[in-house]
Amino acid sequence: MALYSAAAAVLAGLERGEGGLKSLVYNSGFPHVRQLYALVSETLRYASVLEKLLDGAALLQAEKKLAPQLAKVLVYDLLFGKGLKCGGRWKALARRHRPRLEAELARMKVRHRVSRNEDLLAPEEAVSTGASQVPRYVRVNTLKTCVDDVIDFFKRQGYAYLGKAASVEELKTLSGKKFLLDLHLPELLVFPPQTDLHDNLLYTAGHIILQDKASCLPAFLLGAVAGSHVIDACAAPGNKTSHLAAILKNKGQIFAFDVDPKRVATMNTLLTRAGVTGCQLAQQDFLTVDPRDPKYSRVTHILLDPSCSGSGMVTRGPGEEAAPSAERLQALAGFQRRVLNHALSFPALQRLVYSTCSLHQEENEDVVQAVLQEWGSAFRLVTAFPSWPCRGLTAFSGAESCLRASPAETFTHGFFVAVLERCKEGAAASSSRPAAGKENPQLGEGTEPGAAPKKRKKKKQWMKE
């Protein structure tokens with residue numbers, strides 16, 4: 001029963017736009033994530049067929065207490081899956097209606113003149129949901145290990161290391177048990193799509209973080225150094241927070257906020273596993289945080305990744321590809337402007353990264369433009385990652401300083417990043433400089449992101465066989 005309830009909760013979260021399929025599954029708290037992911041993925045793949053079956057058999061009318069999401073999961077497993085191996089009272093309920101459901105399925109096959117269940121799927125549905133060609137990105141957690149040790153570990157597990165990628169196109173050729181070092185981020189490894197590492201020792205021990213490349217950009221471009229005081233304003237589930245801690249080498253202070261208690265609990269688990277210290281978690285709406293509170297008087301860097309439409313996520317469920325309504329986008333953009341304005345009001349702030357996993361201009365360039373206009377010459381856009389190929393839409397002068405990511409062009413999830421910096425007195429508001437240079441602790445003075453990383457430290461003993 002727990003499996004079906006967890007799967008129904010993930011489906012409901014997708015419908016509410018609370019995140020992508022993978023993030024909702026792996027943040028669900030369900031102990032067998034592979035089993036849950038497979039069930040939800042296949043239920044989504046058969047979603048249109050299941051809806052017709054439920055309507056034809058009038059199951060929801062007969063069982064008024066049965067939620068539609070749970071009904072889809074039960075009927076999928078009953079007719080297309082493993083035949084309801086668990087489920088308690090819900091199993092008994094579904095089996096009670098089995099004759100009607102099987103009769104409706106048979107009628108559907110006759111109407112479509114097919115004999116196999118798979119043939120009921122539309123061509124685009126025949127490919128499993130989330131089976132995108134975006135690689136599996138693996139961020140090495142430098143709080144616990146180093147890149148060389150992780151590479152050696154995977155080689156001992158039978159993976160072939162192909163060296164540093166020379167181009168984005170090279171990432172597309174990955175297959176089997178092969179992996180690369182990313183061409184842009186020095187502590188990011190790249191594996192073929194659908195590589196499952198959730199049961200790998202390195203993941204369960206917190207030595208690697210499974211995080212999309214685009215999601216690694218905000219912390220990387222923030223430019224905080226060890227000893228800095230940093231705010232992660234909308235922090236859960238915590239991957240970016242753990243990345244910040246690694247960049248700071250657990251030296252300094254991170255204040256991480258999220259309003260949802262379950263997400264805060266999940267984040268606490270993730271950060272503990274990653275070996276993060278010096279981070280204060282707070283179950284609090286960032287908009288209610290007082291910028292004048294003395295405890296934030298030394299906050300010089302803020303990472304702001306607010307709630308958004310999630311339209312850039314490539315592993316979302318069917319029906320979520322459609323653009324959100326104009327009203328929904330306006331509401332999201334209004335919230336995003338408020339939270340960005342609030343972040344800029346912290347008195348010691350020097351640098352801020354604003355990011356979303358949205359493709360919509362309303363949530364990205366338009367938000368940045370509106371807030372910059374409100375602040376006049378106090379803040380400026382700086383050129384984020386000059387060598388990055390995809391720039392911001394030309395919505396206003398200087399928008400090309402922002403960057404975008406997409407499955408087609410950068411082989412990542414869809415993403416947007418803008419880097420804002422407080423203007424020094426007398427500095428021209430339009431001036432800019434690379435976002436990750438001297439300030440970035442991972443790069444030497446004058447080094448641009450993507451340059452070869454420095455020689456790494458001596459290997460740690462824990463990896464020895």
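The values are calculated or read from the model by the stated rules, or taken from the named source; none is laboratory data. Since we're looking at a predicted model, the values are computed, not measured. All Cβ positions, glycine included, derive from the backbone under ideal geometry; neighbour counts span all protein chains shown. These accessible areas exclude ligands, DNA and RNA; they are computed on the full protein's heavy atoms, side chains included. Shrake-Rupley method; radii C 1.70, N 1.55, O 1.52, S 1.80 Å.
Does any residue in region 94-123 that is within 15 Å of Glu51 (Cβ to Cβ) come within less than 7 Å, Cβ to Cβ, of a residue that is open to solvent by 100 Å² or more (accessible area, probe 1.4 Å) and assigned to a helix (DSSP H, G or I) six or more places away or on a different chain, and which pairs are these? The qualifying pairs are Met108/Lys52. Applying the set (1) touching a helix residue (DSSP H, G or I) at 6+ places or on another chain (Cβ under 8 Å); (2) at pLDDT 95 or above; (3) in a loop (DSSP other than H, G, I, E, B) to Gly312 leaves exactly one unmet item: (2).
When the test is whether a residue is out of contact with any Phe, Trp or Tyr (no Cβ under 8 Å at 6 or more places or on another chain), touching a residue at least 60 places away in the same chain (Cβ under 8 Å) and on the phi > 0 side of the Ramachandran plot, Gly20 does not pass it. Residues that are within 25 Å of Val110 (Cα to Cα), open to solvent by 40 Å² or more (accessible area, probe 1.4 Å) and assigned to a helix (DSSP H, G or I) are absent from region 87-94. All of Lys155, Lys144, Lys109 fail the test of being open to solvent by 40 Å² or more (accessible area, probe 1.4 Å), part of a helix (DSSP H, G or I), at pLDDT 95 or above and not acidic (Asp, Glu), apart from Lys155. In region 227-239, the residues that are under 7 Å from Gly252 (Cβ atoms) form Cβ pairs under 6 Å with partners that are basic (Lys, Arg) and in a loop (DSSP other than H, G, I, E, B), at six or more places apart or across chains, as follows: Gly227/Lys251; His229/Arg298. The single condition among (1) among the charged types (D, E, K, R); (2) modelled with pLDDT of 90 or more; (3) surrounded by fewer than 20 Cβ atoms within 10 Å (Cβ to Cβ); (4) under 24 Å from the mean Cα position of the chain (by Cα) that Arg139 does not satisfy is (3). Residues considered: Leu248, Leu244. Of these, the only one that is crowded, with 24+ Cβ neighbours inside 10 Å, in contact with a strand residue (DSSP E or B) (Cβ under 8 Å, 6 or more places away or on another chain), closer than 14 Å to Asp305 by Cα and at pLDDT 95 or above is Leu244. For Pro218, the stated conditions do not hold, so it cannot be described as at pLDDT below 95 and either out of contact with any helix residue (DSSP H, G or I) (no Cβ under 6 Å at 6 or more places or on another chain) or surrounded by 18 or more Cβ atoms within 10 Å (Cβ to Cβ) (or both). A count restricted to region 278-294 and to residues that are touching a residue at least 40 places away in the same chain (Cβ under 8 Å) and not in a loop (DSSP other than H, G, I, E, B) stands at 3.
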